[in-house]
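Colleague: Handing you this structure, nothing more for now.
Values quoted throughout were computed directly from the atomic coordinates according to the rules given, and no laboratory measurement underlies them. From a predicted model like this one, the values you see are computed outputs, not experimental measurements. Please note: Cβ atoms are built from the backbone with ideal geometry, for glycine as well, and neighbour counts cover all protein chains shown.
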Amino acid sequence: MTDRYEAKKIAEELEEPVDEASNLAHKLGLSPYPVNYWIVDYDEMNELIAYGGFQQRYPHWRWGMQYDQQQKQSQFLGGKAFEIVNNDNPSHAFLQESNTMADQKAVITHVEAHADFFANNEWFGMFADNPDAAAMLARHADAIREYMLDPDIDRAAVEKWIDHVLCLEDNIDQHEVFGPVETEHRDELVDADEDAEDLSERLDELDLSEEVKGQVFDEEWLEAQRSEGEVTFPAEPEKDVLGFLRKHGMQYDEDAGKAVGMTDWQREILEILRREAYYFAPQKMSKVMNEGWAAYWESVMMTKEAFAGTDEFISYADHMAQVLGSPGLNPYKLGLQLWQYVENTTNRREVVERILRVDGITWRNVHDRVDFETVQDLIAPDSAITSITPDSLDELDAEDPRIDAEGLESARAGEFDVSTYPWKVLTYEGLAERHYSLVEPQNRGFVSRVSQAELERVSRYMFDDSRYETVEEALADIDYTRGWDRMREIRESHNDVTFLDEFLTQEFVDDNDYFTYEFTQSTGDYRVTSTDYEDVKKKLMLRFTNFGKPTVVVADGNYNNRNELLLAHKYNGVMLDIEQAKDTLKRVFHLWGRPVNLKTIVKELDEHDIEVAKRRDREPEPEERGKLIRYDGEEVEVRDLDWEDVEDIAATEVDYDTKPDEWLA
C-alpha cells in the first residue's frame, strides 16, 4: 500500500511473526484463508476503517462522516486502531505502522483466527463460498462513479438515490443465499389501477347524484369495475425489502406527478447496494462469535504459547485490557467468555462421562464417592508436554501421538529455537493437552460444582457402556481435544442469535455477573431488574436479532388495490421509533413511486396509571395498540388500527427465529 522506507522496515521485522502465527494457527486446528498483510499509516488506517476494511468504495458522504468520527475518537477519546481485516480469499489485514511489536503480534494472531472464522462459518458461505470481495467492491465503486460523472445524470440525484436505498440496507433476508433479482415490470398493475381511478374520476366529473347513479349504473357492476384486476402480492410476507423494491419498485416523477419506471442507473445502484448488504450481513450476524473466537485464539497464542516475548508481555496485557475493558455491550468480552464456557462445559462433560463409567459410581452418588481434588490432579497434563525445553527433547517419544515426529527431529537438529517455539514439536492432540482448560487456576472447581441435574442429564445420554475399575483408570482415557473439537463444530454452523440461545445458561450468567436493567416509571431512573438467565438472554438476543434492527417485511405490494406499498413491523415487544419510521417512509416513497404504509404496534401509558404506579412503587402496564403510518408524497398520516389488523404482527413472546437447521436447509 505504500513504499515508504519505514513501512518496508516494519514489514521485514514482521515476516517471521506472520509466518509463525500462521503455522501455529494450523497446529491449533484452525484452517484460515491465507492472509495478506499491509503496513499503513495512521490516516490510511482511519480511511480503511471508514471504508469497512477495503481500499475502494463507491463515492458517498457516509465514508467522510465515518472517517471524521474515527479520527475524533482517536484524538479525543483515546481510542486506538489495532487491526482491521476483511472477509475475502485471500483475506487482507492492515497493520498500523505506529503500533508496538507487541500490538502487531496481537493483531496478527487475532487476524489468523478471524480468517479461520471467515473460511469455515456457514453463514459467510451464504454470499459466496470463495469471495472476491475487494474486486467486487472496486467494480461497484467504478460503476457508481461513472454514473456520477455522466453529464446526462445529475450527480446530486445519484447521491440522493443512494441515501434512499441505504435507509433500508439491513432490510434483506440474511437467512437466504444471496441471488440477483430479476426485474419484473409493473405496467399491467399500474394500468389496472389507473383504469379504476379513471372510472372513479369520470363518474365524479359527471356530477351525478347518488340517486341518478343508482338508476343508471348497477351497483354490482360498479363494484366489479372497482375490484376488477385486484392483485395482492407477495403471497407470503417478503423479508428482502430491497429485493422486492428492486423487482417491483418505481420512482416518483415530480414533474409528471406520478410513478414511472426506474432508470437503468437507479435499478443497478439499488442492486449494487443490495449485493453489498448481503456481503456484509454475516459479519453483522456473528460479531460476538467472531470477535470472541479471535480473542480466544489470540490469547492462546500470545500468552499460553508465549508468542509475546518477555519484554512484550506487559504491553500486550495492556492491549488486551483495553479491548476487553471497552464500556457498553462489548462483543470481544462477551464472545470470549462464551467460548471459554463452551470449552469448559464440554471438557467437564468428558470428565464426568469417564467418571460415570467407573464401577459403583452413578449420577446420584458422584459427589459422595469422588474426591475432586484427586480428579484435578489426575486430569493435569503430562509435564513432558507442558515443559518442553532443549534439555527435555531426548525424553520425548516420536511415536507418541502427541508429538510431531518431524518437528522433534528438526528441534533435535537445532533447526529452530525450542525455547521460543516449543509448540513445533507437538501435534494438535499434544497442544490440546498442554492447554487443557479445566486445570487453569481460574477454572479449578468447575468440575466439582457440576450439578445433580447435569449429572443425570449426562447419564441419560451416555451410549458408551465401557466400564472402568477405578477413577484413575477412567481419567487416563480422557480425550483432551474434545473441547476444541466442539468449539470448531459450533464455529461452523452458528451465528450470534443461535450461539446465545444455546449456550447462555444460568451458570454462565452467575459466573460472569450478567443482569438486566430497565427504565422504571415508578422511580424515573434505571434499575437492575433480573439476574435470571432467560431474561438476560432475551435482552441480549434483542440486540442481535436482525442486526439489532426492527424486522420489517413487505406485507402487500397492492395495498387497498391502489398500488400502495404496505410494510409490516414484526413487533417483538420493542416499539419502533415513530419519528424515524416517518422519515424512513419518506425515503421508501421514492423507491416505490406511490404512497407507502407501515403497520406496527405501540405501547401507550395512561398518565393516571403512571401516577398510581409511582405511589404503589410498581410498574404500570402499558396498553398495546395497532398503528398505521402512511406517506403519500406530501404528508404523513398516523391512524389507529383495529387489533385484528395487527394480530399477524403481534408476538406473544419474543420471536428470535433460532432455527439454524431450517435456515441452512
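Colleague: Spin-label point model (7 Å from Cα, Cβ direction): what's the Arg467 to Glu399 distance in nm?
Modeller: The two pseudo-label positions are separated by 3.2 nm.
Colleague: How far, in degrees from 0 to 90, does helix 101-120 lean away from the longest principal axis of the Cα atoms of the chain, to the nearest 10?
Modeller: That works out to roughly 60 degrees.
Colleague: Quick one: Karplus J couplings for region 244-255, per residue in order, coefficients 6.51, -1.76, 1.60, θ = phi - 60°, nearest Hz, x for Gly and Pro?
Modeller: 3J(HN,Hα) across region 244-255, in whole Hz: 5, 5, 4, 7, 10, x, 9, 10, 9, 8, 5, 5.
Colleague: With the cut-off at 29 Å, tell me which of the pairs Lys27/Lys538; Lys538/Lys586; Lys284/Lys538; Lys247/Lys537; Lys27/Lys333; Lys586/Lys614 have Cα atoms farther apart than that.
Modeller: In this structure, Lys27/Lys538; Lys538/Lys586; Lys247/Lys537; Lys586/Lys614 lie more than 29 Å apart at Cα.
Colleague: Something else about it: Calculated FRET efficiency, Arg412 and Arg488, Cβ-Cβ r, R0 35 Å, to nearest 0.05?
Modeller: Taking R0 as 35 Å, the efficiency between Arg412 and Arg488 is 0.65.
Colleague: Still on this structure, I have one more. Under 5 Å between amide hydrogens, which residues at least 5 positions from Trp38 or on another chain qualify, with H placed 1.01 Å from N in the peptide plane?
Modeller: Amide H to amide H, under 5 Å and 5 or more residues apart or across chains, Trp38 pairs with Ala93, Phe94, Leu95.
Colleague: Test of understanding: ordering Leu641, Leu576 by Cβ neighbours within 10 Å, fewest first, what list do you get?
Modeller: If I rank by nearby Cβ atoms, fewest first, I get Leu641, Leu576.
Colleague: What's the magnitude of the charge dipole for the chain around its Cα centre, counting Lys and Arg as +1 and Asp and Glu as -1 at the beta-carbon? Answer in Debye, nearest 20.
Modeller: 1940
Colleague: Continuing with this model, one more query. Would you please name the chymotrypsin sites (Phe, Trp or Tyr not before Pro) within region 506-547 that are DSSP coil residues with at most 14 other C-beta atoms within 10 Å of their C-beta?
Modeller: For chymotrypsin sites (Phe, Trp or Tyr not before Pro) across region 506-547 that sit outside H, G, I, E and B with at most 14 neighbouring Cβ atoms in 10 Å, the list reads Phe515.
Colleague: Let me ask another. Along the Cα→Cβ direction, 7 angstrom out, place labels at Trp643 and Leu324. What is the inter-label distance in nm?
Modeller: Output for this residue pair reads 5.0 nm.
Colleague: Post the alpha-carbon centroid distance, region 525-592 to region 1-53, in whole angstrom.
Modeller: Here the answer is 39 Å between Cα centres.
Colleague: To the nearest 0.05, how large is the calculated FRET efficiency for Glu6 and Asp477 if R₀ is 56 Å and r is the Cβ-Cβ distance?
Modeller: 0.55
Colleague: I'd like the FRET efficiency for Ser419 and Arg527, computed as 1/(1 + (r/R0)^6) with the beta carbon distance as r and R0 of 41 Å, rounded to 0.05.
Modeller: 0.15
Colleague: Each label point is 7 Å from the Cα along the Cα-to-Cβ direction; what then is the distance between the points at Glu534 and Asp382, in nm?
Modeller: 4.8
Colleague: Specify which labelled value, from [x] 2.06; [y] 0.96; [z] 1.18, agrees with Cα Rg over 2.2 N^0.38 Å derived from the coordinates of the model shown.
Modeller: [z]
Colleague: Let me ask another. Assuming 0.36 nm per residue, please report the length gained on full extension of the stretch Asp511 to Asp359 beyond their Cα-Cα distance.
Modeller: 51.5 nm is the gain from fully extending Asp511 to Asp359.
Colleague: Which one, Gln506, Phe544, His494, is farthest towards the positive end of the dipole of region 489-544 when Lys and Arg carry +1 and Asp and Glu -1 on their Cβ?
Modeller: My answer, from the dipole projection, is Phe544.
Colleague: Show me, for region 553-559, the HN-Hα J-couplings you get by feeding each phi into the Karplus relation (A = 6.51, B = -1.76, C = 1.60, θ = phi - 60°), rounded to Hz, glycine and proline as x.
Modeller: Those phi angles translate into 10, 7, 8, 7, x, 9, 4 Hz.
Colleague: If you put +1 on each Lys and Arg Cβ and -1 on each Asp and Glu Cβ, how big is the dipole of region 331-489 around its Cα centre, in Debye rounded to 20?
Modeller: For this selection, approximately 1140 debye.
Colleague: ³J(HN,Hα) across region 36-44 via Karplus (A = 6.51, B = -1.76, C = 1.60, θ = phi - 60°), whole Hz, x for Gly/Pro?
Modeller: For region 36-44, the Karplus curve yields 9, 9, 10, 9, 10, 8, 4, 5, 5 Hz.
Colleague: While we're looking at this one, here's another question. How much mean residue ellipticity at 222 nm does the chain get from its helices, if each DSSP H run of length 4 or more adds -39500 (n - 2.57) and you divide by all residues, to the nearest 500 deg cm²/dmol? Mind showing how you got there, number by number?
Modeller: Details: 28 runs with 322 residues, N = 665.
It comes out at -15000 deg cm²/dmol, rounded to the nearest 500.
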